[in-house]
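Colleague: Starting off with a structure, shown below.
The values are calculated or read from the model by the stated rules, or taken from the named source; none is laboratory data. It should be emphasised that the depicted structure is a prediction, and the values quoted were computed from it without experimental measurement. For neighbour counting, all protein chains shown are included, and Cβ atoms are generated from backbone atoms with ideal geometry for every residue, glycine included.
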Amino acid sequence: MAEMTPLLTAASALSVLNILLLLVLSVVWVRNYQAFKTPLTLGLLGFAVVLLIENLVALSFFFSMGMLYTGSQAAQQAVLAMRGLQLLAISFLTVVSLR
């Protein structure tokens, strides 16, 4: 396994934050679905589960196959930027859902 660069370490940390927020959202949306039984809430729950799986897979790639990104600084920056944008979007959803 290749050594993790600071960019990939930061991307991993953002994935962990995404996972935590998605778990919070999943709990909120499960409770909402149990109370209201609306298809929208079920769709939001499906959305959270898919993103949760995606972040878990990404995290496993960061730790087990870091060499996929180590050859390209631009790829590492893009991965970090995408994780940051995803965190921003999930943060918005979390704030709105908890209100």
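Colleague: Can you pull out the residues in region 43-62 that are at pLDDT below 95 and either among the aliphatic types (A, V, I, L, M) or within 17 Å of L21 (Cβ to Cβ) (or both)?
Modeller: Across region 43-62, the qualifying residues are V57, A58, L59.
Colleague: Got a sec? Which of M65, M1 is in contact with a Ser or Thr (Cβ under 8 Å, 6 or more places away or on another chain) and modelled with pLDDT under 95?
Modeller: Details: M65 fails: in contact with a Ser or Thr (Cβ under 8 Å, 6 or more places away or on another chain).
The match here is M1.
Colleague: Follow-up. Among the residues in region 49-60, are any in a helix (DSSP H, G or I), within 10 Å of the chain's Cα centre (by Cα) and of a type in the set (G, A, S)?
Modeller: Within region 49-60, one or more residues are in a helix (DSSP H, G or I), within 10 Å of the chain's Cα centre (by Cα) and of a type in the set (G, A, S).
Colleague: Can you go through A58, A13 and tell me which one is free of Cβ contacts under 8 Å to residues at least 40 places away in the same chain and either surrounded by fewer than 17 Cβ atoms within 10 Å (Cβ to Cβ) or touching a helix residue (DSSP H, G or I) at 6+ places or on another chain (Cβ under 7 Å) (or both)? Show your work before the answer.
Modeller: Numbers: A58 fails: free of Cβ contacts under 8 Å to residues at least 40 places away in the same chain.
Only one candidate qualifies: A13.
Colleague: Let me ask you something else. Just a yes or no: is a residue in region 69-76 surrounded by fewer than 17 Cβ atoms within 10 Å (Cβ to Cβ), at pLDDT below 95 and under 12 Å from the mean Cα position of the chain (by Cα)?
Modeller: No, region 69-76 has no match at all.
Colleague: Test of understanding: among L21, L25, which residue is crowded, with 17+ Cβ neighbours inside 10 Å, more than 10 Å from the chain's Cα centre (by Cα) and assigned to a helix (DSSP H, G or I)?
Modeller: The match here is L25.
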